[in-house]
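**Student:** Structure below; questions to follow.
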Amino acid sequence: MGCERMLLPCRDDSTLESPLELVDLPFFGEWKGKIAYIDRDGVLNQASEDYINSPRELVLLPEVAQAVGELRRAGYRICVITNQSPVGRGIWGHDTLAEIHSRLRSLLQRDDSDALLDLILYSPYAPWEGSWARKPNPGMLEAGRQLIDTAHVNPGSKPSLFFGHEWQDRPDESGSVLVGDRSSDLCAAEAHGVRGVRCDPSIGLSGVIETILGDGNE
């Protein structure tokens, strides 16, 4: 399964393998490797069967910014992982998605200054393309872990990314969590070896924040 055939994730603000710049976490102590992998629609913002097609259509779910801020204050890096097949279907392009994500970041930090997204990864592929990046496959989680780890250990350096069986030296993900509203999210969590938490898409992340932070891992 060579990387050239796996249809890898995209980053909304850069090429996939460009160096990632991390902002300090708003908590005292050393980062312990915890990442919150967070789905977008139905977790951070209201979902739509017809997709979120423009920035003005994006509406945050209740108290979601405070929930993201709480995760970062508890020592989690935040990596959004989202299937966005409208790009692959030709409905709209990468530029439109970048505008939607810019609004997402802005709204989150408007409501909680600590609600910063360290990384947004997306799969632009249609379901029938069989992409390793598209959930329920774990490609976005694999990329997110390696990008964030590289940025933490060697700031400014370009990461070397491995996927599937080619990634041999995988770190412990027992302190991390994935939050999603669909079975495909939980399947991706299981494939990556991280705890999956399912939320109600009408409530989103805020409805499970106590479950995440109250498990003794903070």
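The values are calculated or read from the model by the stated rules, or taken from the named source; none is laboratory data. All values reported here derive from a predicted model rather than from experimental measurement. Don't worry about glycine lacking a Cβ; one is built from the backbone with ideal geometry, like all the others, and counts go over all protein chains shown.
Conditions tested, residue by residue: (1) among the hydroxyl-bearing types (S, T, Y); (2) touching a Gly at 6+ places or on another chain (Cβ under 7 Å); (3) more than 21 Å from T150 (Cβ to Cβ).
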| site | (1), (2), (3) |
| --- | --- |
| R11 | no, no, no |
| E17 | no, no, no |
| F27 | no, yes, yes |
| E30 | no, no, no |
| N45 | no, no, yes |
| S54 | yes, no, yes |
| V68 | no, no, yes |
| I78 | no, no, no |
| H101 | no, no, yes |
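**Student:** Check off (1) touching a residue at least 60 places away in the same chain (Cβ under 8 Å); (2) in a helix (DSSP H, G or I); (3) not hydroxyl-bearing (S, T, Y) for L161 and give me the number that stays unchecked.
**Tutor:** (2)
**Student:** If you take the residues of the stretch 104-146 that are among the basic types (K, R) and in a helix (DSSP H, G or I), which of them is farthest from C79 (Cα to Cα)? Talk me through it step by step, then tell me what you get.
**Tutor:** Taking the stretch 104-146 as the starting set, the residues that turn out to be among the basic types (K, R) are 105, 110, 134-135, 145.
Keeping just the survivors that are in a helix (DSSP H, G or I) gives 105, 110, 145.
Details: R105: 12, R110: 19, R145: 9 Å.
The qualifying residue farthest from C79 (Cα to Cα) is R110.
**Student:** Now, a different point. Output the residue which, of all residues in the stretch 183-200 that are touching a strand residue (DSSP E or B) at 6+ places or on another chain (Cβ under 8 Å) and not in a helix (DSSP H, G or I), is farthest from L141 (Cα to Cα).
**Tutor:** C199
**Student:** Of all residues in the stretch 1-17 being under 30 Å from I203 (Cβ atoms) and part of a loop (DSSP other than H, G, I, E, B), which is modelled with the highest pLDDT?
**Tutor:** Among them, the one singled out is P9.
**Student:** Inside the stretch 18-68, can you point out the residues that are part of a helix (DSSP H, G or I) and surrounded by 22 or more Cβ atoms within 10 Å (Cβ to Cβ)?
**Tutor:** Passing the criteria: V64, A65, A67, V68.
**Student:** Go through the stretch 45-66 and report how many residues are under 20 Å from A126 (Cβ atoms) and acidic (D, E).
**Tutor:** Of the residues in the stretch 45-66, 2 are under 20 Å from A126 (Cβ atoms) and acidic (D, E).
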